[in-house]
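Engineer: Please see the structure below; I have some questions.
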Ligand code: BG6
């Protein structure tokens with residue numbers, strides 16, 4: 001890997017502490033950082049580099065998946081420098097350039113520069129313009145820009161944001177983070193299907209009856225009401241994570257695909273999803289909001305009573321939908337997606353349900369075969385099969401499969417940061433996917449904003465509104 005400068009905008013932020021520093025440290029432990037790297041953390045708070053290093057050390061103690069080793073942590077921390085920076089002030093950029101060049105000279109690093117924007121979206125336009133105007137991004141080596149979500153708040157703002165980035169960077173230099181794409185089991189979908197002809201042969205509408213994608217959480221809005229009450233589940237989880245999971249599941253891997261081919265296939269899948277119709281808005285899109293209830297044995301407030309939430313908020317804390325991909329592989333097969341806060345369990349999973357013989361003897365317990373890909377918090381793949389139980393003369397559904405131990409594997413941010421550093425954008429969200437996702441959700445955003453879609457409620461700690469069960473049961477299936 002080439003030596004480089006890593007510039008982190010938002011160095012004192014929550015994401016940096018919880019995800020970015022631990023990820024860099026674990027890469028360091030695995031020998032996956034460049035031999036020489038200058039990491040420059042930027043923030044408005046007046047701190048010294050030693051202060052930043054102490055904060056990083058604390059963050060590692062709290063959030064690193066592996067223990068912090070006393071004999072090497074200082075070597076890791078020495079790579080970091082803090083620079084006081086105001087993203088809105090031109091002179092900040094001039095000074096940063098001089099500081100960065102000095103470090104490059106000191107460490108003998110070529111001007112390969114990776115800019116990581118973990119900042120409020122309203123700052124991005126100015127940052128990118130100033131990176132260019134100050135010459136910071138005009139490097140003799142390579143330059144890359146990693147952008148955190150949210151990537152826009154609707155179709156128009158996403159396009160606007162993208163246009164700002166494109167004034168300075170080309171698509172190949174832009175790495176839009178969707179941390180779901182960094183999750184080991186999501187990255188493993190390809191390696192599950194391609195080397196297994198038996199799965200490849202089953203991966204289409206001839207054998208599959210429906211696909212279910214769930215991302216349920218037990219947490220509520222927490223301290224993020226000012227963001228979440230405007231975003232809702234649809235912007236927070238659906239436009240990005242869930243639609244990415246749909247694309248990743250629907251890609252056909254009959255041979256090894258290059259990064260460009262995967263991107264192309266994902267784009268084609270998004271282009272083949274039926275646009276949301278008025279009928280969908282009434283029947284196939286479920287908006288929900290949690291009410292008071294009990295989660296993991298603890299009584300919790302309803303959404304409208306949470307701190308910072310408007311009293312009469314109609315914000316969606318739950319979302320479910322049925323969508324169809326009209327292409328040769330998936331035509332006629334429903335994909336059901338759902339996500340919600342304050343549900344009964346934390347679970348992200350993809351369930352592929354296979355067709356059953358029409359004369360299957362359901363009365364003796366025969367059930368459909370399922371392939372269950374558990375993404376979070378467990379990481380496993382299992383296949384539900386029917387096994388005869390001779391004592392009862394019935395069949396028992398039995399799961400065969402394997403599971404991995406999370407915690408022993410690199411986390412999403414480790415994988416994504418590493419890919420960003422080596423210049424592999426396979427598991428980042430490319431512009432066309434992002435734009436097409438916003439195009440799909442835009443009519444839903446409009447309908448929610450104008451209160452044209454029903455708002456269902458569900459008790460905290462439940463599996464979501466009844467309407468989301470009716471959505472799937474109407475078609476003869478149930479959430480697995
Ligand atoms: C984030 C959302 O992108 O994903 C959060 O902003 C959500 O609201 C989180 O809780 C879920 O991620 P994970 O990795 O815990 O499934």
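Engineer: Restricted to segment 209-251, and to residues that are assigned to a strand (DSSP E or B) and within 12 Å of the ligand (Cβ to nearest atom), which residue is surrounded by the fewest Cβ atoms within 10 Å (Cβ to Cβ)?
Structural biologist: Filtering segment 209-251 for residues that are assigned to a strand (DSSP E or B) and within 12 Å of the ligand (Cβ to nearest atom), the one surrounded by the fewest Cβ atoms within 10 Å (Cβ to Cβ) comes out as 216.
Engineer: Tell me which residues, restricted to segment 133-149, are crowded, with 17+ Cβ neighbours inside 10 Å and either part of a loop (DSSP other than H, G, I, E, B) or on the phi > 0 side of the Ramachandran plot (or both).
Structural biologist: Within segment 133-149, 134, 136, 137, 148, 149 qualify.
Engineer: Scan (1) closer than 16 Å to residue 117 by Cα; (2) more than 16 Å from the ligand (Cβ to nearest atom) for the single condition residue 177 breaks and write down its number.
Structural biologist: With respect to (1) closer than 16 Å to residue 117 by Cα; (2) more than 16 Å from the ligand (Cβ to nearest atom), residue 177 is out only on (2).
Engineer: Would you mention how many residues in segment 407-462 are part of a loop (DSSP other than H, G, I, E, B) and without any contact (Cβ under 8 Å) to a residue 40 or more places away in the chain?
Structural biologist: Of the residues in that region, 2 qualify.
Engineer: Within segment 370-390, restricting attention to residues that are surrounded by fewer than 18 Cβ atoms within 10 Å (Cβ to Cβ) and under 20 Å from the mean Cα position of the chain (by Cα), which residue is farthest from the ligand (Cβ to nearest atom)?
Structural biologist: Restricting to residues being surrounded by fewer than 18 Cβ atoms within 10 Å (Cβ to Cβ) and under 20 Å from the mean Cα position of the chain (by Cα), the top hit is 380.
Engineer: Additional query: Could you count how many residues in segment 334-369 are more than 16 Å from the ligand (Cβ to nearest atom) and within 24 Å of the chain's Cα centre (by Cα)?
Structural biologist: Selection size over segment 334-369: 6.
Engineer: Is it the case, given these coordinates, that residue 192 is within 16 Å of the ligand (Cβ to nearest atom), within 21 Å of residue 350 (Cα to Cα), touching a strand residue (DSSP E or B) at 6+ places or on another chain (Cβ under 7 Å) and assigned to a helix (DSSP H, G or I)? Walk me through it before giving the result.
Structural biologist: Working: within 16 Å of the ligand (Cβ to nearest atom): no; within 21 Å of residue 350 (Cα to Cα): yes; touching a strand residue (DSSP E or B) at 6+ places or on another chain (Cβ under 7 Å): yes; assigned to a helix (DSSP H, G or I): yes.
So residue 192 does not fit the description; no.
Engineer: Looking only at residues in segment 150-183 that are in contact with a strand residue (DSSP E or B) (Cβ under 6 Å, 6 or more places away or on another chain) and in a helix (DSSP H, G or I), which one is farthest from residue 412 (Cα to Cα)?
Structural biologist: Top of the filtered list is 165.
Engineer: Look at residue 200 and say whether it is part of a helix (DSSP H, G or I) and either more than 11 Å from the ligand (Cβ to nearest atom) or at pLDDT 95 or above (or both).
Structural biologist: Yes: the conditions hold for residue 200.
Engineer: Also: Of all residues in segment 282-302, which are in contact with a helix residue (DSSP H, G or I) (Cβ under 9 Å, 6 or more places away or on another chain), at pLDDT 95 or above and under 19 Å from residue 454 (Cβ atoms)? Outline the logic, then answer.
Structural biologist: First pass over segment 282-302, keeping only residues in contact with a helix residue (DSSP H, G or I) (Cβ under 9 Å, 6 or more places away or on another chain): 283-292.
Pick out the ones that are also at pLDDT 95 or above and you get 284-292.
Matches in segment 282-302: 284, 285, 286, 287, 288, 289, 290, 291.
For (1) buried (at least 18 other Cβ atoms within 10 Å of the Cβ); (2) over 26 Å from residue 220 (Cα atoms), each residue gets a yes or a no:
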site	(1), (2)
307	no, no
322	yes, no
329	no, yes
332	no, yes
339	yes, no
352	yes, yes
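Engineer: Follow-up. Restricting attention to segment 405-451, and to residues there that are touching a strand residue (DSSP E or B) at 6+ places or on another chain (Cβ under 6 Å) and within 16 Å of the ligand (Cβ to nearest atom), which single residue is nearest to residue 64 (Cα to Cα)?
Structural biologist: 406
The values are calculated or read from the model by the stated rules, or taken from the named source; none is laboratory data. In this text, all values refer to a predicted model and were calculated from it rather than measured experimentally. Cβ atoms come from the backbone with ideal geometry, glycine included; neighbour counts cover every protein chain shown.
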